[in-house]
Structure formats: C-alpha cells, structure tokens
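Asks: Please see the structure below; I have some questions.
What follows draws every value from the coordinates through simple rules; no lab data is involved. Not measured: the values here are computed from a predicted model. Because the Cβ atoms are built from the backbone with ideal geometry, glycine has one as well, and the counts that use them run over all protein chains shown.
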Amino acid sequence: MAGHQITLDDFLADRQGRTFADVANDPEQPFEEVLAFFSDPDRQRRMEESEIHHDRAPLAGVVRELEAQPTIHQFLSNIHARRSQRLRQAIGVVVRIVMEHRGWQKTGKKGSLGVRANRSPAMPAYNTGGLALWFVRAERYTQPNGMPYRSVVDRQAEIPSQPSKKRTSKAGR
C-alpha cells in the first residue's frame, strides 16, 4: 500500500487534530518535521508491521528513528514539559490519522514504549528503559476484519495441558 502524505491541512481538518492547533501553528515546535516523518511510506509500513508481526503499538515500529531526528530530540529534551507533552499527544493523533487511512481502527488499549524515570523539576520527563526515551505508551490498533495472526494468549489455549511431573532430587534416586 502506498504511503499517505499528511499535510497540515489534513491534521487541522481532523476532529482531534484541530484541538492541537497550538502545536501545529507554533513555529518553535518541529511539527512540520513530524508530518514529513510520518508521511514516509516505509515508516507507515513499519508501523503496520509493528502491530502485525511484533504485537506492539504502531509507534513502536518507528519511535527510535523518530526520537533520533535532531530537531525532534532537541525539542523533547530541552523544552518545558507541558509543551513537550502537547507535541507527544499531537504525534499520537498523527499516528491515528495514518493508521485509520490505512484501514486500521483503535482498540482503546495502550501498549508500553518505556519505563518512566522518577520525576525531577530540573529535567524533562524521560524513560529509563524500553524502546523510547520520551514516549511511555501508545495506542494499539487492529484490522476491522481481525488480525492475520493470533496472540500468544489465543494460541496457548490450544495446547493440551500436560500433567505436571514431580521433580525428584538426585539424592532421592
């Protein structure tokens, strides 16, 4: 499937996107870079593959590359926490626009991207573990007609239960 070019007009026409007009229209925020990043067809494919093949949120498939973008990294690491949070939330809206355009729908569940460090008033909020440095959770998506592969939970139900074997110590043999 070809990539979907996301324009500022597309974003602001979206019912949720328009609530982030402050982010989209702030020249100090790297929002144009965000839109260009998520308009790339290979990244959109990796977002889908993240759900299909890795059972992870779409953002998990591109988050390291996103955070490595110099202007995005600089903004997230050096700017006031509230403005950083607004940009991260706007990125979630961009991800939804991409996924819905590609035929996916939200599950209403979030997937983990990182483990948040203890808060410090002198530092922006960041993670100490996981895939992402700046994102903690991201929306999960599904295909309307069901996913092509079943989850581990679904598949394990088919495994016949084995009677547990009693372990013996070497001394008892």
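Asks: Kindly write out, for the range 145-159 in residue order, the coupling ³J(HN,Hα) from the Karplus curve 6.51 cos²θ - 1.76 cosθ + 1.60 (θ = phi - 60°), rounded to whole Hz, with x marking Gly and Pro.
Replies: 9, x, 7, x, 10, 8, 6, 4, 4, 5, 6, 5, 5, 7, 6
Asks: Near Thr71, within a Cβ-to-Cβ distance under 11 Å, what is the net charge of the other residues, with Lys and Arg +1 and Asp and Glu -1? All intermediate terms of the calculation are to be shown ahead of the outcome.
Replies: Values: positive: none; negative: Glu28, Glu32, Glu33.
My count for the surroundings of Thr71 gives -3.
Asks: In a shell of Cβ-Cβ distance under 12 Å around Gly103, excluding Gly103 itself, what net charge do Lys and Arg (+1) and Asp and Glu (-1) give?
Replies: -2
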